[in-house]
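Colleague: Mind looking over this structure? Questions follow.
Taken together, the values in this text are just the output of simple stated rules run on the coordinates, not laboratory data. Keep in mind it's a predicted model, so treat the numbers as computed, not measured. Reconstructed Cβ throughout: ideal geometry from the backbone, glycine too, with neighbour counts over all protein chains shown.
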Amino acid sequence: MSRNLQPVTGMKDVLAADIGAWQHVERTMAAVLAAYGYVEIRVPVVEHTELFKRAIGEFTDVVEKEMYTFTDQGGDSLTLRPEATAGIVRAAISNGLLRGARLKVWTQGPMFRHEKPQKGRYRQFTQIDVEAIGFDGPDVDIELIALGARLWKLLGVTRAKLVINSLGTPESRKAYRTLLQDYFRRHIDALDADGRRRLEGNPLRILDSKHPPTQAIVANAPVLTDHLDEESKAHFAQLRAGLDALGIPYTVNPRLVRGLDYYSRTVFEWITDALGSQDAICSGGRYDGLISQLGGEATPAIGFAMGVERVVELTRLAGSLPDPAVPDVFVMAQGEAAQRAALRLAEQLRDAFPGRGVVVHCGSAKFKTQFRRADESGARLAVIVGDDELARGVVALKPLRGAETTQVEYPIAELAARVDEFFRRSK
């Protein structure tokens with residue numbers, strides 16, 4: 001096959017065999033979010049590049065290495081969104097939603113990062129992004145984490161663990177940043193190229209280096225939680241107390257810094273040991289300064305993003321996916337008039353039983369072939385229409401599952417009643 005007909009590197013098709021798992025995760029998440037009072041919004045896939053530079057930070061890997069950026073016909077620099085928080089904040093500002101508002105919103109859709117493709121990581125990936133804007137207390141932090149815990153419970157996921165930390169206020173983090181730079185400068189020869197590059201721009205990012213010699217230096221670096229301001233200490237203490245009260249277990253990881261510059265105070269991740277090196281399945285935290293940084297009124301906010309691909313795989317590994325959806329009724333026909341009648345009868349059954357799946361065999365085929373396809377579909381009942389039956393004003397019903405297999409003819413006018421009788425009897 002021509003190379004041009006293959007998917008782009010790092011982009012993946014989701015086929016019919018897998019879509020049921022995706023829909024199950026997405027429906028479950030939507031139901032949980034609705035129960036907590038969050039409403040869906042939708043924001044563009046493309047934004048001005050400057051938005052992400054200002055929001056995420058110019059010295060992050062996302063902006064420096066991973067964004068899909070292009071110049072459009074009008075000369076504007078545009079970027080396929082690498083994450084959704086910046087777009088949601090931009091939408092809140094540009095649509096005038098911030099004036100004293102308390103917003104609980106979520107969105108889902110594709111994000112784009114030019115990373116090395118590997119299991120659980122794609123260059124186009126799907127995220128569910130949840131944001132609570134206008135809330136400054138730790139109670140909403142606790143609520144968002146509880147929301148995640150409830151989702152894992154409903155999905156049957158047991159191998160998800162919570163890790164938390166506090167980054168403090170921008171002011172306390174600035175002082176810690178200076179302390180960290182002084183420490184790493186004393187060990188600069190042991191840092192890898194990325195560590196030396198980040199030293200001046202974003203030294204906190206060195207803390208999550210995967211380079212073994214750098215990790216050895218990080219192990220003895222100053223710990224951020226030892227240098228928090230009093231307000232952030234109190235916020236973090238209340239967060240921990242709230243999680244304890246809800247019985248949500250967690251681990252404090254003082255090296256958890258998150259990859260984006262806009263975070264402050266609470267940060268958290270749900271991680272798993274079930275997906276190899278890609279252990280983070282949900283990441284989030286507070287970004288109290290981001291909205292004013294982008295030109296809006298100073299507004300506290302917190303949110304998280306969840307990678308749908310990883311959650312689907314985790315749910316699959318847990319063995320908690322529902323059985324694939326199958327039709328209830330399979331309508332088959334032979335003869336030109338019978339095929340037209342089959343379509344009409346199927347519509348009548350869909351009107352009568354809105355919750356049941358009714359599939360019509362389209363295209364001509366012998367009844368033997370149609371019965372095989374009906375059996376493969378998983379349907380429990382076959383409705384059989386032939387030109388001869390049609391001329392006599394009858395239709396045949398044949399159970400396809402269980403001990404009852406007798407094919408019986410009924411007047412066409414009784415079809416809906418007989419189908420209803422069958423499903424009541426076979427409960």
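Colleague: Over all directions, how big on average is the projection of the convex hull of the alpha-carbon atoms in the stretch 329-425, in square nanometres?
Modeller: 5.6 nm²
Colleague: A follow-up question, please. Check the straight Cα-Cα distances from Lys368 and name the lysines below 22 Å, setting aside those fewer than 8 residues away within the same chain.
Modeller: Lys398
Colleague: Take every DSSP beta bridge whose two residues both sit in the chain, then give the antiparallel share in percent to the nearest 5.
Modeller: 80 percent
Colleague: I'd like the distance separating the alpha-carbon centroids of the stretch 350-419 and the stretch 108-166, in whole Å.
Modeller: First find each Cα centre; the distance between them is then 46 Å.
Colleague: Can you give the Rg to Rh ratio of the stretch 121-249, both from alpha-carbon atoms, with Rh computed by the Kirkwood formula?
Modeller: Value, to two decimals: 1.03.
Colleague: Per the helix-only calculation at 222 nm, which mean residue ellipticity applies to the chain, given -39500 (n - 2.57) for every DSSP H run of n ≥ 4 and division by its residues, nearest 500 deg cm²/dmol?
Modeller: -12000 deg cm²/dmol
Colleague: Running a GNM on the chain with Cα contacts under 10 Å, which residue among Tyr68, Tyr38, Tyr410 ends up with the highest mean-square fluctuation?
Modeller: With Cα springs under 10 Å in the chain, the top fluctuation among Tyr68, Tyr38, Tyr410 is at Tyr410.
Colleague: Another question, then. When Val25, Val223, Val360 are ordered from fewest to most other Cβ atoms inside 10 Å of their Cβ, what list results?
Modeller: Val223, Val360, Val25
Colleague: Roughly how far apart, in whole Å, are the Cα centres of the stretch 9-36 and the stretch 327-345?
Modeller: 33 Å
Colleague: Follow-up. Given the pairs Lys119/Lys153; Lys104/Lys210; Lys12/Lys174, which are separated by over 31 angstrom at their Cα positions?
Modeller: Lys104/Lys210; Lys12/Lys174
Colleague: Right, here's the next one. Have a look at the stretch 8-78 and give its Rg and Dmax from the Cα atoms, expressed in angstrom.
Modeller: Rg, Dmax (Cα atoms, Å): 17.3, 44.
Colleague: Another question, if that's okay. Compute a Gaussian network model of the chain, connecting alpha carbons closer than 10 Å, and tell me which residue from His24, His361, His48 fluctuates the most.
Modeller: Between His24, His361, His48, it is His361 that shows the largest mean-square fluctuation.
Colleague: Over the Cα atoms, compute the radius of gyration (one decimal) and Dmax (the largest Cα-Cα distance, rounded to a whole number) for the stretch 258-402, in Å.
Modeller: 26.9, 77
Colleague: Then there's this: Cα to Cα, under 14 Å, and not fewer than 8 places away if on the same chain: which aspartates and glutamates meet these conditions relative to Lys53?
Modeller: Asp61, Glu64, Glu66, Glu83, Asp261
Colleague: Could you tell me what % of all Cα pairs in the stretch 172-223 have separations over 16 Å?
Modeller: Across the stretch 172-223, Cα pairs with separations above 16 Å total 25 percent.
Colleague: Okay, moving on. Quick check: the angle from helix 336-352's long axis to the longest principal axis of the chain, C-alpha only, nearest 10 degrees?
Modeller: Result, in degrees: 60.
Colleague: Under 37 °C and 0.692 mPa s, how fast does the stretch 368-420 diffuse according to Stokes-Einstein, given a Kirkwood radius computed over C-alpha pairs? Answer in µm²/s, whole number.
Modeller: 282 µm²/s
Colleague: Which number comes out as Rg/Rh for the chain once both Rg and the Kirkwood Rh are worked out on C-alpha atoms?
Modeller: Taking Rg over the Kirkwood Rh, I get 1.11.
Colleague: Using only Cα atoms, find the angle between the long axis of helix 308-317 and the longest principal axis of the chain, and express it within 0 to 90 degrees, rounded to the nearest 10.
Modeller: Value to nearest ten degrees: 60.
Colleague: Given an 8 Å cut-off on Cα distances and at least 6 residues of separation, report the relative contact order of the stretch 329-425 as a percent.
Modeller: Dividing the mean separation by the residue count of the stretch 329-425 yields 28 percent.
Colleague: Explain nothing, just the number: relative contact order of the chain, from Cα pairs under 8 Å at least 6 residues apart, as a whole percent.
Modeller: Taking the mean separation of contacting Cα pairs over the length of the chain, I get 15 percent.
Colleague: Could you check what % of the DSSP bridge pairs in the stretch 329-425 are antiparallel, to the nearest 5?
Modeller: 45 percent
Colleague: Roughly what angle does helix 85-94 make with the longest principal axis of the chain, taking Cα atoms, 0 to 90 degrees, to the nearest 10?
Modeller: Computed tilt is about 90 degrees.
Colleague: How many angstrom separate the Cα center of the stretch 75-95 from the Cα center of the stretch 283-320?
Modeller: 15 Å
Colleague: Just to be sure I understand: with springs between alpha-carbon atoms less than 10 Å apart, which residue in Ile164, Ile384, Ile248 has the highest mean-square fluctuation in the Gaussian network model of the chain?
Modeller: Judging by the Gaussian network model, the answer is Ile384.
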